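Undergrad: Supplied in structure tokens, the structure appears directly below.
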Amino acid sequence: MMRVNLTLKPMGSWSIPIEAESIIPANFLSGTDLTVWRGNRELGLEEAFSVSVVGGADRAEDVEIVLAGKTARLKRVGEYMDAGKITVLGDIGMHCGNFMTGGTIEIQGNADGWLGREMGGGSIICRGNAADYCASGYRGGRKGMTGGRVEVYGRVGDFLAENLAGGTVIVHGDAGDMPGAEMRGGTLIIHGDCTRPAANMKDGACYVYGTARWMLPTFRNLGTVRHEGRTLIQFTGDVANRGKGNLFVGNYEYLD
Amino acid sequence: MTELLVKNAHVIDPLSGINGETMDIAIRDGKIVEEVSAAAEVIDARGMLTMPGGIDSHTHICGTKVNFGRYMSPEDMRAGRTPRRGPMHATSGYSVPTTYGNSYRYSVMGYTTLLEGAMAPLEARHTHEEFTYTPLQDTMANTLFDGNWSIMEAIRDGDVKRVAAIIAWTLSAVKGFGVKLTNPGGTEAWQWGKNVSCIRDPVPYFGVTPAEIIRSVIEANELLHLPHSVHLHCNNLGTPGNYTCTLGSLGLAPDLNPRRQTLYATHVQFHAYGGSGWKDFSSKSEPIANLVNMRPQVVIDMGQILFGRTTTMTADGPMEFNLYRLHHEKWSNHDVELETGSGIIPVIYRRKNLVNSVMWAIGLELALLTKSPWQCLLTTDNPNGAPFVRYPEIIGLLMSRRYRDAEFATIHPDTGSRVPLPAIDREMDWYEIAVMTRAGQARALGIQDLGKGHLAPGADADVAIYPIRIDEVDPSADYQKVIDGFSRTEYTIKRGRVVARRGECVVHGSNSTLWVRPKVSENYDMGKDPEFVEKFDRYYTVRMSNYPVQEQYLNRSRCIETETEL
Ligand SMILES: [Zn+2]
């Protein structure tokens, strides 16, 4: 096993984010001679972080990276990661886990926007809150997340799991507006409340255990069902998109 | 004075009657000349295929519709990204790239002149602004007259001279080059939620038929002595069985001009469909090509599709709505006041799809069955059939039966029973390709006298030098070498300067825009016609005085004045 400790150095009052797509377990198999970008400046890893490596590994599965310091300004950590583990002790910046296909990212604080965007596999756990576009697709794209699992213990912002095409997304708190918009597959579970779930959904399953506010009128009510000890109301749609998806809600309110 | 001498070039220049001679090309101050001084800079083009710069006679690269394609498809911008390099700006986009992306990629393929296929007059400024940022090609714009209220009224009144006068005023005002009819009458009908099914269907309210529009506008076009003929996108695009409508439309063209065709029908692949529905969809390239073979007054372009992702965009609003209902993806629809409209949707053409496979075959068949390469030009209706960067693949397919067979083996297995392609042996030669990609375009657009599409002394020094040894390459077998060679010039020369070399653009460049001002007598000046002015004030959202595009909008404005019969 190899453990890589990266502690972001304090850098005065600047607020420019650091683009850190090089921080994935596989890259550390051949050392720590990596770079990150701050604006248009390329920094050596050791310029930006205090780096310590404990142990060794031959495969990415055996590498764990632990990020500490004011990591909220780090973007794209874990992008294209395929194995191993990244633990973030605090908050993480935007686009964490973009396109990841394997391994685990655990964030003990909050995550900024686009957490796990277009991910294809692996698992992301966020102990705090996640901002907008968590587990979503990207501008204009037809498919968002296609596989893997994202679990957020706090709340999430708007457009959660937009364009979801596969995999599982679980939110223990509330979600914002338009979760599961344009869903075409996969499973989305929101334990709390949200507004306008599953708009224009084509396929897949969306569960809202709390209350769906501003419920869209373009879903057909199929009656109540039992699901894991809960009674939920099942809808199908989005009829406006010839959708065959399933939307299950604890309660719902139409906008009047 | 700047001088350049291209030595030992292996030249094919159909308009000058040159087919594979080794010769020197002398260039002074942007023009081809007889000879240059000993001080001239020298390029050694020994053994390299050298032709006039490529001309695209129907492409969508600039203007509101193209730009809407860009902003409704941000995902397209994630493809084809290149960083800033030397004088090259950063680019992005694949089927609807940034203007620089278009310009660099065309230049690297040896193209030096482009015709934007459809400019809505009201939105002409946008087109001209984007032309300015397409710096490595000279540009011109087909101007849309398919749903023009004043023209349809003049046609209803049987007044062809008035039709011509309106065209003259509008072309001068918007700095347009040619007359484009897109689904004539259909886009106007679409504003009433309808379409026209073929050329005998009257347009709602106006009561004129597409056939009357096509015929009257052809006559008007010739009264104005415009360089280009009427440029027609037939009614009923993309519908099974539409070939009869296409035959009817092409049959309307009289033979009025000894120097060029009187009707240019664009992206005919999309108009050569048999069958009564998608289930018995088939190719009708043969009757269309037969008609073209018998009518020298008609020139068509292929509108070839290639498999993969692209964006469709056209002024044919109702057709795009039908496509939207088929694909159920994102769609945009646009109305242009008293003039025209448009629609856009992204599409993916798939090999495993029977309809797409038949479409692929039809484009090739049209080119291979049309006997004279001057009558069927190479296009994809960029980006509708495929992005223009894939033209070299089409050249490969036209030159190699082996390549066609290899591709045919990968498409839908039922295609063979619906298309004549497998029985066609023809393989085009280098000369025919030169006609289909530059000389034919120059003649069809009527710009050879302006120094385009050939290399005779006096011509614009637009030259494409390809790293292909045509005496050594057998295109039938080595089609990959043909594709690679046409994808990247050794040198592209524009107005006497090397602008691209081995895939890199080496100068900022500065384009010219060609446009037409027909000279009409006072009586036919629509700017002073009370009825026309009143209609304008009443229905347009802009004032007539604000409508014309000022010449300052044009980079290196090149105005072509024509003597008319008005
Ligand atoms: Zn077109």
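Undergrad: List the pairs whose first member sits in segment A:123-147 and is more than 14 Å from chain B (Cβ to nearest Cβ) and farther than 21 Å from A:ILE24 by Cβ, whose second member is among the β-branched types (Val, Ile, Thr) and part of a loop (DSSP other than H, G, I, E, B), and whose Cβ atoms are under 6 Å apart, counting only residues at least 6 apart or on separate chains?
TA: none
Undergrad: A further question follows. Mind checking which residues of segment B:321-355 are closer than 20 Å to B:THR266 by Cβ and free of Cβ contacts under 8 Å to residues at least 60 places away in the same chain?
TA: If the condition is that a residue be closer than 20 Å to B:THR266 by Cβ and free of Cβ contacts under 8 Å to residues at least 60 places away in the same chain, then B:GLY343, B:ILE345, B:VAL347, B:TYR349 are the ones that fit.
Undergrad: Yes or no: B:ILE166 more than 16 Å from the ligand (Cβ to nearest atom), of a type in the set (Val, Ile, Thr) and free of Cβ contacts under 8 Å to residues at least 60 places away in the same chain?
TA: Values: more than 16 Å from the ligand (Cβ to nearest atom): yes; of a type in the set (Val, Ile, Thr): yes; free of Cβ contacts under 8 Å to residues at least 60 places away in the same chain: no.
So B:ILE166 does not fit the description; no.
Undergrad: Within segment B:82-119, track down each residue that is in a loop (DSSP other than H, G, I, E, B), more than 20 Å from B:ILE348 (Cβ to Cβ) and over 18 Å from the mean Cα position of the chain (by Cα). Steps first, please.
TA: First pass over segment B:82-119, keeping only residues in a loop (DSSP other than H, G, I, E, B): B:83-84, B:86-87, B:89-90, B:92-98, B:109-110.
Now narrow it down to the ones that are more than 20 Å from B:ILE348 (Cβ to Cβ): B:83-84, B:86-87, B:89-90, B:98, B:109-110.
B:PRO83, B:ARG84, B:GLY86, B:PRO87, B:HIS89, B:ALA90, B:THR98 - these are the residues of segment B:82-119 that are in a loop (DSSP other than H, G, I, E, B), more than 20 Å from B:ILE348 (Cβ to Cβ) and over 18 Å from the mean Cα position of the chain (by Cα).
Undergrad: Looking at segment B:91-133, which of its residues are on the phi > 0 side of the Ramachandran plot and within 16 Å of the ligand (Cβ to nearest atom)?
TA: Going residue by residue through segment B:91-133, those that are on the phi > 0 side of the Ramachandran plot are B:93, B:110.
Within segment B:91-133, none qualify.
Undergrad: Scan the strands (runs of 3 or more DSSP E) fully inside segment A:175-237 and keep the ones with 1 or more residues being buried (at least 17 other Cβ atoms within 10 Å of the Cβ).
TA: Working: elements: A:184-190, A:203-215, A:220-227, A:230-237.
Result: A:184-190, A:203-215, A:230-237.
Undergrad: Filter segment B:53-88 down to residues that are within 16 Å of the ligand (Cβ to nearest atom) and of a type in the set (Gly, Ala, Ser) and give me whichever is farthest from B:MET140 (Cα to Cα). Please lay out each step first, then the result.
TA: Of the residues in segment B:53-88, the ones within 16 Å of the ligand (Cβ to nearest atom) are B:55-69.
Narrowing the set further to residues that are of a type in the set (Gly, Ala, Ser) leaves B:57, B:63, B:69.
Values: B:SER57: 9, B:GLY63: 12, B:GLY69: 20 Å.
Going through the qualifying residues, I end up with B:GLY69.
Undergrad: Please return the ranges of strands (runs of 3 or more DSSP E) entirely within segment B:421-514 where 1 or more residues are of a type in the set (D, E, K, R). Explain how you work it out, then say what you get.
TA: Working: elements: B:463-466, B:491-494, B:497-501.
Counting at least 1 such residues, we get B:491-494, B:497-501.
Undergrad: Could you list, ordered by first residue, the pairs with Cβ atoms under 6 Å in which the first is in segment B:33-62 and farther than 15 Å from B:MET109 by Cβ and touching a residue at least 12 places away in the same chain (Cβ under 8 Å) and the second is more than 16 Å from the ligand (Cβ to nearest atom) and aromatic (Phe, Trp, Tyr), at least 6 apart or interchain?
TA: Cβ pairs passing all conditions: B:CYS62/B:PHE131.
Undergrad: Let me confirm something: among A:GLY103, A:GLY84, A:GLY90, A:GLY116, which residue is in contact (Cβ under 8 Å) with a residue 60 or more places away in the chain and either in contact with a helix residue (DSSP H, G or I) (Cβ under 6 Å, 6 or more places away or on another chain) or under 19 Å from A:MET178 (Cβ atoms) (or both)? Before the answer, list the steps.
TA: Working: A:GLY103 fails: either in contact with a helix residue (DSSP H, G or I) (Cβ under 6 Å, 6 or more places away or on another chain) or under 19 Å from A:MET178 (Cβ atoms) (or both); A:GLY90 fails: in contact (Cβ under 8 Å) with a residue 60 or more places away in the chain; A:GLY116 fails: in contact (Cβ under 8 Å) with a residue 60 or more places away in the chain.
Being in contact (Cβ under 8 Å) with a residue 60 or more places away in the chain and either in contact with a helix residue (DSSP H, G or I) (Cβ under 6 Å, 6 or more places away or on another chain) or under 19 Å from A:MET178 (Cβ atoms) (or both) holds for just one of A:GLY103, A:GLY84, A:GLY90, A:GLY116, which is A:GLY84.
Undergrad: Take segment A:96-150 and flag every residue that is assigned to a loop (DSSP other than H, G, I, E, B) and among the basic types (Lys, Arg). Even if it seems obvious, please write down each step before you answer.
TA: Kept after step one, since they are assigned to a loop (DSSP other than H, G, I, E, B), are these residues of segment A:96-150: A:96-103, A:108-110, A:112-122, A:127-129, A:131-148.
Passing the criteria: A:ARG117, A:ARG127, A:ARG139, A:ARG142, A:LYS143.
Undergrad: Among the listed residues B:VAL498, B:VAL507, B:VAL473, which satisfies the condition of being surrounded by fewer than 23 Cβ atoms within 10 Å (Cβ to Cβ) and free of Cβ contacts under 8 Å to residues at least 60 places away in the same chain?
TA: On the way: B:VAL498 fails: free of Cβ contacts under 8 Å to residues at least 60 places away in the same chain; B:VAL507 fails: free of Cβ contacts under 8 Å to residues at least 60 places away in the same chain.
Among B:VAL498, B:VAL507, B:VAL473, only B:VAL473 is surrounded by fewer than 23 Cβ atoms within 10 Å (Cβ to Cβ) and free of Cβ contacts under 8 Å to residues at least 60 places away in the same chain.
Undergrad: Name every residue in segment B:220-273 that is more than 16 Å from the ligand (Cβ to nearest atom), more than 19 Å from B:ARG295 (Cβ to Cβ), assigned to a loop (DSSP other than H, G, I, E, B) and hydrophobic (A, V, I, L, M, F, W, C), in order of residue number.
TA: Passing the criteria: B:LEU224, B:LEU226.
Undergrad: When the residues of segment B:82-94 are filtered to those that are within 14 Å of chain A (Cβ to nearest Cβ) and out of contact with any Pro (no Cβ under 8 Å at 6 or more places or on another chain), which remaining residue is farthest from B:VAL506 (Cα to Cα)? Reasoning before the result, please.
TA: Our first condition is that a residue be within 14 Å of chain A (Cβ to nearest Cβ); within segment B:82-94, this holds for B:83-84, B:90, B:92-94.
From what's left, out of contact with any Pro (no Cβ under 8 Å at 6 or more places or on another chain): B:83-84, B:92-93.
Numbers: B:PRO83: 15, B:ARG84: 12, B:SER92: 19, B:GLY93: 21 Å.
Checked segment B:82-94; the qualifying residue farthest from B:VAL506 (Cα to Cα) is B:GLY93.
Read-outs throughout are calculated quantities, based only on the coordinates presented, and are distinct from any laboratory measurement. Keep in mind that what you see is a predicted model, and the values were worked out from it rather than measured. Backbone-built Cβ (ideal geometry, glycine too); neighbour counts: all protein chains shown.
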